[in-house]
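The values are calculated or read from the model by the stated rules, or taken from the named source; none is laboratory data. What you see is a predicted model; the values in this text were computed from it and never measured. When we count neighbours, we look across all protein chains shown, and the Cβ atoms used for this are built from the backbone with ideal geometry, even at glycine. For the accessible areas, the whole protein counts, side chains as well, though only heavy atoms, and no ligand, DNA or RNA atoms are used. Shrake-Rupley method; radii C 1.70, N 1.55, O 1.52, S 1.80 Å.
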Amino acid sequence: MNQAAAIKPALPDSLSLVALTVAGLLCLPLAYVTYMALTADAAIWSRLWTTRIPELLFNTTALALGVAAGTLLLGVSLAWLVARRDFPGQPLWEWALVLPLTIPSYVLAYIYSHLLGASGPIESAWQILAGPDSHLPSPHSYAGAALVMTLNTFPFVYLLARAAFLNLNVSYEEVARACGVSRAGTLFRVTLPLMRPAIVAGLSLVVLYVVSDFGAVSLLRYQTLTYAVYQQITGRYDPTAASILSLLLVIVALIFLITERWFRQQSRFFQTTGRYRARARRQCSPLGALFASVYTIGVFAASFGVPALLLVQWSVSAVSSGAVDARFFGFVWNSAFLSGLAATCAVLIGLPLAYLASRRPSRLNLLCLQAAYAGYVLPGPVGALALLVIFSHLAPFWYGTAAVLVIAYVVHFLPAGLQSMEPALQQVTPNLEEASRSLGFGTAATLRRVTLPLVRSGFIAAWVLMFLQSMKELPATLLLRPVGFDTLAVRVWLEASEEYYQLAAPSALLIVIMTIPAILLLISKDWRAA
Amino acid sequence: MNQYRFHYFGLAALFIVLATGTMPDAAEPDRLVVYSGRAERLIKPLLDSFQAKTGIHVDLLSSGTTEVVNRLQAEGSRTPADVLITNDAGSLERARELRLLSPSATPNSVAAIPAQFRAADNSWIGLSGRFWIVVYNTTLVKPADLRSLLDLAEPRWKDKIAIPNAGSEYLQAGVSVIKAVYGDDRTKQFLEGIKANAGTQVYGKSSQIVEAVAKGQAALGIVNHYYVYRHLATQPGAPIAVLMPDQHEGGMGAIINVAGIGIVARTTRTDAARRLVDYLTSEEGQKQFADLNKEYPLHSRVAADSSLPPYKTTRVAPVPLTRLGELREPAMMLIEQAGLR
């Protein structure tokens, strides 16, 4: 490396300057929300403490815990089934169980408010059995929100647990069995404890997702911090209370993000590099196979099959009644344009950050990269609030334009993109760049002709990921959309929140369809933030 | 590094193009940018027919009422908006106090709309009236069970009522009127009572409240009257009806509010904006509010839908609409102190 440093003159300062500026701008929203909350009148703090905060913290935590328990149960059991047991359709279910990730939470929420709602199909069926006066509990409740979020997020745990089951060195289990531990004992005393880091990492992701979700809780009217922030922004003239709730939300999100990071580092301890054999799948007994199939099909149907069929059915009737007109294609274009632009900007912005951090890992450059991860703990409404206030004070000229919305997307989704861009850059050995330099190419030419072609696939994955997330994004889009710039996600939410389920279906279905191939493509690369 | 510098300059240039490109062009006279706080399906048909009639293209931003006023304020002199339409006189008054609206009512609209439905300086003009009424499920409740809006706070309605959330401008305006008539203590009692009685049945949209009452999830709800009639228009058999509250001798009277329109102070397209004001306050425009939306037209020569309780015989709460602006902040404080969602 010393030699390399001798050959390579210091990179032009302009790149560092760009990185520093970008990192500063990316941190600005978080800093501004914190500042607003901390300088708020103490009276507002105390009023919120006595009226709203205990309820909101309790609701948010309760939902997070409930969903964590649910996804733990579903994710681990399904991962165990497909990784360790052979039953009909196993290879199909192995990837099909990822599909629930393609349905945005607000779409699943509105489908379940129809299915489980008063006089919905399930209650009607129930009333045939139990008499016309019996009612099912409303989906607009804790139970409804927990159910929808569990069905929506269990693939996070499933994917990590499945990978852990597959990567686990079979020797540990064989030793346990040889020492006379029963099969169940081995599972609970050896296998699952070894998988703990992977499972906890999955759960932390689920919790982070639940805590920052706006779409599902708003449609199911379950009061969480994120929803309350949105309501404060849209229902009050003064954003101070919203900023206080935002700060609390950021702290809650930060706690779970740190937990996830910590356990992800811990998870390295069992990924042994030595030789190991994967465990072979055991053939199920006929009864076992039946149980496994019913269970898997049931979860798949509830989380993807039935919702997708309903969307298709509603879309067909919406199309035949003429709801898909020129205006609809306008929304499609707006979605594609905004998301494409955001993804492109994010890749261009992420490039100097990731490049400098991997090629010149000075403290400053690493700090710049870390700063870019600030968006992770800025749930949609919080980021939108910060940008609304910042732009109205500092740059009113841009306020209300698409540029602000694109910035919101970039701040929020760049972390997910960087997770794909960083490893891609790190995998390119500096030797290649040094060779190029020694053969007479300048820094710029080397970057363009050697580095960029090598990292292309990682960057494309990052682009696709950020494109999809921007397309599904709801709260920031609702708050920041320019005049006449509704997106598919906004249309779904607007129609669904007035219970026009059929009108919402074509937009929702289009989002799901566009997401499917990309999710399948990305699973192998980086599914974390999908 | 020249190439890379170029990329970033390119990016910056793209952003500026985007920033200016998505702002409707001020130079085009045949366009109007309308910020609307009304549900899109309640206002778009009227704007469409205005567009068809005049050839003036209307760009509509539909959002929450408070949200569009916030936005107008934040955008200040850079706002692309020419016209503000909201569903609540209180927020129009607030926009007037913030000097966001120009006092430039047209002679036609002033002639058409009675003075009690306009701002004192004509900064905003009322377009349609609505009562904040009780919708009840006819299989669960008899109209004689309830006389006043304040009765909804009684413990006998525990878990039986559906209410709007704290961000609802109708709720804020309604509470303003109750506060002005009965004072803080009674208002607080009312809010705490409906909060306890509603439980989790707190809704973001009036249409959801009507839906919940129609399905029997709630026995009663508080909404603007037209949501009930719109629901009945699509589902004539729904077991719901309107109860006009506080009509008894000595009662407060029903709470009225208006949707209204104001011309944004900074607009350069005053002519087109005034034509829109004229159109919406004309007999033709007012008829659409009456027929499509089942609201009360404010034009003296346009009749309300015959299924509505006649305006003339309705006892109306004695709080002028122009006071809703100054009452808003204290009313919001009461709502927040009661801990409504």
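Assorted remarks:
- Antiparallel DSSP beta bridges within chain B, as percent of all bridges there, nearest 5: 65
- B:K158 sits with roughly 100 Å² accessible to a 1.4 Å probe, with DNA, RNA and ligands left out of the calculation.
- Stretched out straight at 0.36 nm per residue, the stretch from B:R78 to B:E154 would grow longer than its current Cα-Cα span by 22.5 nm.
- Compactness relative to 2.2 N^0.38 Å, alpha carbon Rg of segment A:45-157: 1.35
- Gyration tensor (alpha-carbon) shape descriptor, the protein assembly as shown, a/c threshold 1.5: oblate
- Computed from backbone phi with θ = phi - 60° and the Karplus coefficients 6.51, -1.76 and 1.60, the 3J(HN,Hα) list for segment A:313-328 is 4, 5, 4, 4, 6, 5, 5, 5, 8, x, 6, 9, 10, 4, 4, 4 Hz; x is used for glycine and proline.
- Taking the DSSP beta bridges with both ends in the protein assembly as shown, the antiparallel portion is around 60 percent.
- Residues in segment A:15-61 occluded by at least 20 Å² - accessible area, probe radius 1.4 Å, against chain by itself: A:L15, A:V18, A:R47, A:T51, A:R52, A:E55
- Accessible surface buried once A binds B (1.4 Å probe; total of both sides; Å²): 5400
- Relative contact order computed over segment B:168-327 (Cα-Cα under 8 Å; 6+ residues apart), in percent: 23
- Relative contact order for chain A: 22 percent, from Cα pairs under 8 Å spaced at least 6 residues apart, divided by residue count.
- In terms of its alpha-carbon gyration tensor, segment A:269-402 comes out oblate; a/c meets the 1.5 threshold, while b/c is at least as large as a/b.
- Segment B:32-129 shape via C-alpha gyration tensor axes, a/c threshold 1.5: rounded
- Fraction of antiparallel bridges per DSSP, segment B:129-273 only, in percent to nearest 5: 75
- Positive-end residue of B:V175, B:L191, B:V316, charge dipole of chain B with Cβ unit charges: B:L191
- Per residue, the accessible area of chain B comes to 38 Å², computed with a 1.4 Å probe over protein heavy atoms only.
- The lysines within cross-link reach of B:K142, meaning a Cα-to-Cα straight distance under 26 Å and a gap of 8 or more places when in the same chain, are B:K158, B:K160, B:K195, B:K205, B:K215, B:K294, B:K312.
- Accessible surface calculations at 1.4 Å, restricted to protein heavy atoms, place chain A at 40 Å² per residue.
- At least 30 Å² accessible surface lost relative to isolated chain, residues of segment A:377-412 (1.4 Å probe): A:P396, A:F397, A:W398, A:Y399, A:T401, A:A403
- Axial C-alpha extent at least 24 Å, average Kyte-Doolittle at least 0.5 - helices from chain B (DSSP): B:2-21
- B:Y311-B:T234 FRET efficiency (beta carbon distance; Förster radius 35 Å; 0.05 resolution): 0.90
- If only the Cβ of Lys and Arg carry +1 and only the Cβ of Asp and Glu carry -1, the dipole of segment B:269-341 around its Cα centre is close to 100 debye.
- Relative contact order (%) - chain B, alpha-carbon pairs under 8 angstrom, separation at least six: 26
- Interface residues, segment B:322-341 - accessible area loss of 40 Å² or more versus chain alone, probe 1.4 Å: B:M332, B:E336, B:R341
- For the residues B:R147, B:R230, B:R41, a GNM of chain B with alpha-carbon springs under 10 Å puts the largest fluctuation on B:R41.
- Selection from A:A198, A:L72, A:L414, by position along the positive dipole direction of chain A (Cβ): A:A198
- Solvent exposure ordering (accessible area, 1.4 Å, most first) of A:F256, B:F289: A:F256, B:F289
- Only one residue of B:A112, B:L46, B:T138 has its Cα farthest out toward the positive end of the dipole of segment B:44-144, where Lys and Arg carry +1 and Asp and Glu -1 on Cβ, and that residue is B:T138.
- With every protein chain in place, segment A:281-419: carbon and sulfur % of accessible area (1.4 Å): 74
- In segment A:428-530, the portion of solvent-accessible area held by carbon and sulfur atoms comes to 63 percent [1.4 Å probe, whole percent, DNA, RNA and ligands not counted].
- Projected label points at A:R456 and A:S134, each 7 Å from Cα along the beta carbon direction, are separated by 6.2 nanometres.
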